[in-house]
Ligand code: DON
């Protein structure tokens, strides 16, 4: 069967159901699950990986993963599937999947070439440094996080168009059509999605007076199994299907978006939409215990931070210390606080601020950052600042991640977001999609924490058209020059440390992809000076020992939702979807 834009939904969904059954008929057991899931990750979840011989899609929503796998099954490559999954998530996973937001792609072609695409939102041209401060210079609560003023210029649609033009195989229309279909015919809500929409209902009513988006006709609370139909979004997606970039940044969709901005005093104009372009960037490369790490450069802080932490950890006997033990956790926390202190000072959009990449990644510089490290006690963050001599090295619940490997061996790792869950809570009237609240990722005032507690200064100050700093860390790892695994996660500032833990779990602790995902996580980010921890990540003995060293813990529900695709020694693929959400791996 050829998937064309005329493929009726029922055929697509039938074939999805069929293919899901096929995978279910041939279950391959996780070969490590009996001997090591318990011994290696005593405090982890118990979900098992999904295996495939040729291809794999792992995303936050079953329907999106199935749509991506169908595209691959019908001759599409990983880039085609990326477009289809991104648009499907905009419908089926509105909390973070989006056309009103942005993100980052890191990809590796079957021939080993690597690329990255920055589709981070940009500050509108009318934005200014102090736009979220009152006349006394204080941060106005909620201004950068809720409502029309919180949005940056969206990048998602331009990125999908550019990616497809350069690397896609199947017709554009065939890739957008599945999203049109599920928006038009409806998506059945999971428990989490129903709860998410119920939780946000008050804010939706407050910021969208008179609109009925994401509300049941009888206004009763959503329940799992209810069908969410999005007619306006279906029409918007049809315009994108038929006109590509112009279906979003020009014409009716653009008019609706600009009118929405005017209604609420937002900043985005037609000029901003015309000026927006996703940017191809050279991926960052580093190494860790003989593996190549290919990750996202600024304006994400994620890749730089990841490489800094891996460089410092490489000298440590993590394998010997074990997973989430007193020694390994203490060392990781102390490294994290120093790396996040550098981030607060030096990281921002490289097109506007001279990020001292060479110094930040220099091994000698990094070792110097650990000069006041003690294995015996925590260094309070008040005694830590950013590394002073970096310049001497010269100039040189919500986000979502998905990973795709196609039968030819192309790999895509993509992290995308509206920032907070359902973004700014503004739904563009008549167009049916959520706008981001990404402006909060700028440093709205030096030293004032954003919604993730991250601080910053000059490097990440607001300027027109500048892109706000991110933590998103889509990453691909090579072993012996070949693809080994793709990894990424949502989670705000915890993104980088979750990716770090996933990488260490696989490389140092020999875990399967699913074990690496299932293992409970922890996080430190310099300020606030606390270790955020998933309940049960540490045994009570380890936690007490770490407290005696001076660490303070704050238990939070879950940290991140890692999605990993791992190429195993026999060439098969393991897809690991995070049990912390409705995430699903589909492979064949
Ligand atoms: O770009 C960033 O780092 C943030 N806007 C990501 C937000 C996020 O991950 C929220 N989700 N859990």
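In whole angstrom, how far apart do the alpha carbon centroids of the stretch 497-532 and the stretch 331-362 sit? Comparing the Cα centres of the stretch 497-532 and the stretch 331-362, I get a distance of 19 Å. Put simply, the convex hull of the Cα atoms in the chain casts, on average, a shadow of 24.5 nm². Ranked by how many other Cβ atoms sit within 10 Å of their own Cβ, fewest first, the residues 568, 281, 369 fall in the order 568, 281, 369.
Panel order for 583, 242, 441, by other beta carbons found within 10 Å of each beta carbon, from fewest to most: 242, 583, 441.
Need one word for the stretch 382-480: rounded, prolate or oblate. Basis is the Cα gyration tensor (sqrt eigenvalues a ≥ b ≥ c); a/c below 1.5 gives rounded, then a/b vs b/c decides. Taking the square roots of the gyration eigenvalues as a ≥ b ≥ c, the stretch 382-480 is oblate. Note on residue 185 and residue 280: the extension gain reaches 30.7 nm, defined as 0.36 nm multiplied by sequence separation minus the Cα-Cα distance.
Would you compute, from DSSP H runs of 4+ residues alone, the mean residue ellipticity of the chain at 222 nm, taking -39500 (n - 2.57) per run and dividing by the full residue count, rounded to the nearest 500? Kindly include the intermediate steps, with their values, before the conclusion.
Numbers: 20 runs with 204 residues, N = 588.
The helix-only estimate for the chain comes to -10500 deg cm²/dmol at 222 nm.
Of all DSSP beta bridges confined to the chain, the antiparallel ones make up roughly 95%.
Using C-alpha pairs below 8 Å separated by at least 6 residues, the relative contact order for the stretch 519-572 is 34 percent. Going from the fewest other Cβ atoms within 10 Å to the most, the residues 309, 131 appear in the order 131, 309.
So what is the relative contact order of the stretch 402-483, in percent, for Cα pairs below 8 Å that sit 6 or more residues apart?
Working: 102 pairs, mean separation 16.1, N = 82.
For the stretch 402-483, the relative contact order is 20 percent.
Centroid-to-centroid, using Cα positions, the stretch 438-485 and the stretch 541-572 are 21 Å apart. For the pair the stretch 106-185 and the stretch 247-261, the centres of their Cα atoms are 15 angstrom apart.
Quote the relative contact order of the stretch 268-319 in percent (integer), defining contacts as alpha-carbon pairs under 8 Å separated by 6+ residues. Write out the running numbers ahead of the final one.
On the way: 36 pairs, mean separation 12.8, N = 52.
Reported relative contact order: 25 percent.
None of the figures in this text is laboratory data; all of them are computed from the coordinates on show. Quick caveat: nothing in here was measured; it's all calculated off a predicted structure. Virtual Cβ from ideal backbone geometry, glycine too; neighbours counted across all protein chains shown.
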